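Notes for the one structure printed next.
The values are calculated or read from the model by the stated rules, or taken from the named source; none is laboratory data. Remember, predicted model here, so these are calculated numbers, not experimental data. Note that each Cβ is placed from the backbone with ideal geometry, even for glycine, and that neighbours are counted across all protein chains shown.
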Amino acid sequence: MFATLAWVSLIAAFACALIIAIDEARHPQKMWVMNLVWPITALYFSVFALWVYFRIGRPMARDVTAKMPHMKMEHAAEQQDPTWQQTAVATSHCGAGCTLGDVVAEFSVMGLGLSLFGSPLYASFAADLLLAWLLGIAFQYFSIKPMRDLSASQALVAALKADTLSILTFEIGLFGWMALTYFVVFPNPHLMPNQPLYWFMMQIGMVLGFFTSYPMNRALIRWGTKEAMG
């Protein structure tokens, strides 16, 4: 039953990501990095991500914003109390980095047979955090640089400030769930990255990570550290 549920969840998520990608091919996002963020978010938020994309993401498409010249993205950056839509979009940036980082890290740890402190779980934690941080910073860099018109070095520093705390709080939810899955839910045998059920558990962990990171992203926008979009 769990294996069937895992397959259904994964197939639905990939289908939603594909629908978003096809729609973006026809209606590219004004900020190109969001063309990656939206489909990646659907890999763990599935149908909900698809709904949010058509509610929030489509209005951010280049052909839609071109028809509304009076609306400037700078106005969103000046807002002191971000809406849930702006906070969700901001959180999705670090979520996209974490998702890509996890996929690469988990298969690498398994393929190379890595362990840390005698456990592959801790090796996964270390690899996930490093790659999630690097990719999350990259996603943030390509958001901040065009919005603030900064130099490359200035944009990198701003991205480090904007996404480091965001990623750390995201990993709190994800790692907590991963540890619970490893030690309690499937203690023997442990799930492996080549099993669909493993990635179903990761989907749940990603959703939890999104919510543990959400308050931090809202605070970062209010502080002016992170840009508001949407």
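Remarks
- Within region 139-154, the set of residues being under 18 Å from Ala96 (Cβ atoms) and small (Gly, Ala, Ser) comprises just one member, Ser143.
- Scoring Ala126 on the criteria (1) in contact with a helix residue (DSSP H, G or I) (Cβ under 7 Å, 6 or more places away or on another chain); (2) part of a helix (DSSP H, G or I) leaves a single failure, condition (1).
- Taken over region 138-185, the criterion of being without any contact (Cβ under 8 Å) to a residue 60 or more places away in the chain, within 18 Å of Thr212 (Cα to Cα) and of a type in the set (Gly, Ala, Ser) is satisfied by Gly173, Gly176, Ala179.
- Test: Ala162 is assigned to a helix (DSSP H, G or I), touching a Leu at 6+ places or on another chain (Cβ under 7 Å) and crowded, with 18+ Cβ neighbours inside 10 Å: yes
- Residue among Pro187, Pro193 that is touching an Asp or Glu at 6+ places or on another chain (Cβ under 8 Å) and not in a helix (DSSP H, G or I): Pro193
- Of all residues making up region 11-61, the number that are within 13 Å of Thr99 (Cβ to Cβ) and of a type in the set (A, V, I, L, M): 8
- If you check Ala76, Ala3 for being modelled with pLDDT under 90, over 21 Å from Met202 (Cα atoms), hydrophobic (A, V, I, L, M, F, W, C) and part of a helix (DSSP H, G or I), only one passes: Ala76.
- Single residue of Ala13, Ala17, Ala42 found to be crowded, with 18+ Cβ neighbours inside 10 Å, more than 26 Å from Ile144 (Cβ to Cβ) and not polar (S, T, N, Q): Ala13
- Filtering Tyr198, Tyr214 for residues that are surrounded by 16 or more Cβ atoms within 10 Å (Cβ to Cβ), farther than 27 Å from Trp32 by Cα and not aliphatic (A, V, I, L, M) leaves a single hit, Tyr198.
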